[in-house]
Amino acid sequence: MPPAAEQGTGTPVIADGISAAVGRTPLVRLDRLFPHSGIEILAKLESVNPGGSTKDRPALAMVRDAIDRGRLAPGGTVVESSSGNLGVALARVCTAEGVRFVCVVDARTNATTVATIRALGGEIELVTEPDPETGDLLAARFRRVEEILERIPDAVNLYQYGNPANPRAHAEGTMREIAEATDHRLDVLMAAVSTTGTIAGCTAYLREHALDTGTIAVDAEGSVLFGGTAAPRPLPGLGAGVVTDISRTVDPDRVVRVRGIDCVVGARLLARREGILAGASTGGIIHALGTLMPELAPGARVVVIVHDGGVPYLETVYDDAWVEETLGVDADALAAATAALQASARRG
């Protein structure tokens with residue numbers, strides 16, 4: 001595998017193809033987000049990966065693993081279920097590798113994300129109805145994947161929800177980069193969960209290197225991960241309607257569940273305070289961090305994962321009309337929720 005291009009200061013390098021630009025994302029200090037908290041907040045900007053999200057790492061790792069194992073070859077086909085970001089990442093990787101890509105999405109997937117997958121050469125299979133047995137859209141996507149695999153000879157499902165290459169990409173990449181940038185001095189790591197690949201890989205690195213770092217999984221209300229109760233989830237990319245295989249391999253120190261409006265408040269606050277336009281799951285992390293401030297020791301160093309960028313969410317998370325119509329929260333209530341989060345952080 002060609003080395004990733006160096007980012008940040010120093011002599012610019014020429015990357016050997018777009019896939020070599022995956023990883024080595026910046027770790028930046030957030031001084032304006034919660035300025036009176038007494039906590040050092042660092043953000044791992046996975047949103048600057050070529051595909052705009054942390055999913056670039058496992059997408060590249062899973063495709064190359066399938067090629068190395070002889071499961072996939074140029075001219076072959078990958079069929080994968082995705083809420084959006086992995087679909088974008090796989091569309092890019094498969095195009096670069098000369099592989100056909102079919103992405104199974106559901107009705108919650110952002111229109112911009114669907115258009116991006118198509119622009120990168122991917123094909124879209126849209127699931128509009130929940131699985132009749134479970135009532136879950138993710139289960140319905142799984143069912144559609146199986147149907148497509150039967151139709152297309154030699155098609156491969158990478159199965160991001162259980163593929164070991166998924167968390168391994170984060171152990172060898174995301175967490176290693178964070179640890180090296182902080183001289184292995186880190187009190188808390190916060191990551192959103194869906195497949196749970198990010199937090200599983202990061203936890204594996206922390207345990208292997210005996211780091212005394214607390215892990216906090218930020219999950220959606222309505223997700224069944226880590227003992228949650230199933231319920232409708234208005235935003236894609238956070239939580240899951242089934243217990244993923246990878247989630248069974250990891251035990252976060254703490255799980256914090258957030259509502260859709262919490263994700264909106266956190267994402268907008270990050271954008272207005274730090275100039276970082278992030279997606280819904282990152283907004284959930286920021287909200288969870290604000291509420292946890294009173295429990296953190298003064299001077300604690302916390303790293304939050306910025307899982308993806310906010311452009312695909314401009315018509316949802318960042319749109320007042322959508323927030324009021326979908327989440328039932330008007331501008332006044334949104335302002336009050338933002339003020340409450342800031343007050344909670346100040347008490348820390």
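We did not get these values from a lab; they are worked out from the coordinates using the rules stated. A quick note: this is a predicted structure, and the numbers were derived from the prediction, not measured. Neighbour counts are summed over all protein chains in view; Cβ atoms, including those assigned to glycine, are modelled from backbone coordinates with ideal geometry.
Mind checking the dipole of the chain: about its Cα centre, +1 per Lys or Arg Cβ, -1 per Asp or Glu Cβ, Debye to the nearest 20?
In total the dipole reaches around 580 debye.
With a 10 Å Cβ neighbour count serving as the proxy for reagent exposure, in which order, fewest first, do 46, 123 appear?
Going from least to most buried by this count: 123, 46.
Report relative contact order for the chain in percent, whole number only (criteria: Cα-Cα under 8 Å, sequence separation at least 6).
Relative CO of the chain lands at 18 percent.
I need the peptides 61-67, 16-22 ranked by packing, meaning the mean over residues of other C-beta atoms within 10 angstrom, with the highest value on top.
My ranking of the peptides, most packed first, is 61-67, 16-22.
Tell me the mean residue ellipticity at 222 nm calculated for the chain from its helices only (DSSP H runs of n ≥ 4, each -39500 (n - 2.57), averaged over every residue, nearest 500).
-10500 deg cm²/dmol
Given R₀ = 30 Å, FRET efficiency for residue 330-residue 112 by Cβ-Cβ distance, to 0.05?
My answer for the efficiency is 0.75.
I want to check the label-to-label distance for residue 253 and residue 14. Put each point 7 Å from Cα in the C-beta direction and report it in nm to one decimal.
4.6 nm
Where in region 189-215 does the label zone of residue 176 land, with the point 7 angstrom along Cα→C-beta and an amide N cut-off under 12 Å?
205
Kindly put 208, 40, 97 in sequence by how many other C-beta atoms sit within 10 Å of each C-beta, fewest to most. Please report the intermediate quantities before stating the final value.
Numbers: 208 10, 40 16, 97 20.
Lowest to highest Cβ neighbour count: 208, 40, 97.
Give, as a single signed number, the net charge of other residues whose beta carbon lies under 15 Å from the beta carbon of residue 222, with Lys and Arg counted +1 and Asp and Glu -1.
The answer is -1.
Would you give the gap between the C-alpha center of region 305-322 and the C-alpha center of region 153-216, rounded to a whole Å?
If we compute the Cα centre of each part, the gap is 24 Å.
Under 1.5 on a/c is rounded, so check that first for the chain, then, if it is not, pick prolate when a/b is larger than b/c and oblate when it is not; a ≥ b ≥ c are the square roots of the alpha carbon gyration tensor eigenvalues.
Oblate, because a/c is 1.5 or more while a/b does not exceed b/c.
Arrange the peptides 189-199, 47-57, 132-142, 79-89 so that the one whose residues have, on average, the most other Cβ atoms within 10 Å appears first.
Peptide ranking by packing, descending: 189-199, 79-89, 47-57, 132-142.
Classify region 188-313 from the C-alpha gyration tensor, please: rounded if a/c falls under 1.5, else prolate or oblate depending on whether a/b exceeds b/c. Before the final figure, lay out the partial values.
On the way: a/c = 1.64, a/b = 1.08, b/c = 1.52.
Here region 188-313 falls in the oblate category.
What shape does region 129-188 have by the C-alpha gyration tensor, where a ≥ b ≥ c are the square roots of the eigenvalues, rounded means a/c under 1.5, and otherwise prolate means a/b greater than b/c and oblate the rest?
oblate
Using r as the Cβ-Cβ distance of residue 29 and residue 209, and R0 as 22 Å, what FRET efficiency do you calculate, to the nearest 0.05?
0.45
Taking 0.36 nm per residue of separation and subtracting the Cα-Cα distance, what length does fully extending residue 185 through residue 147 add?
Working it through step by step, the gained length comes to 8.9 nm.
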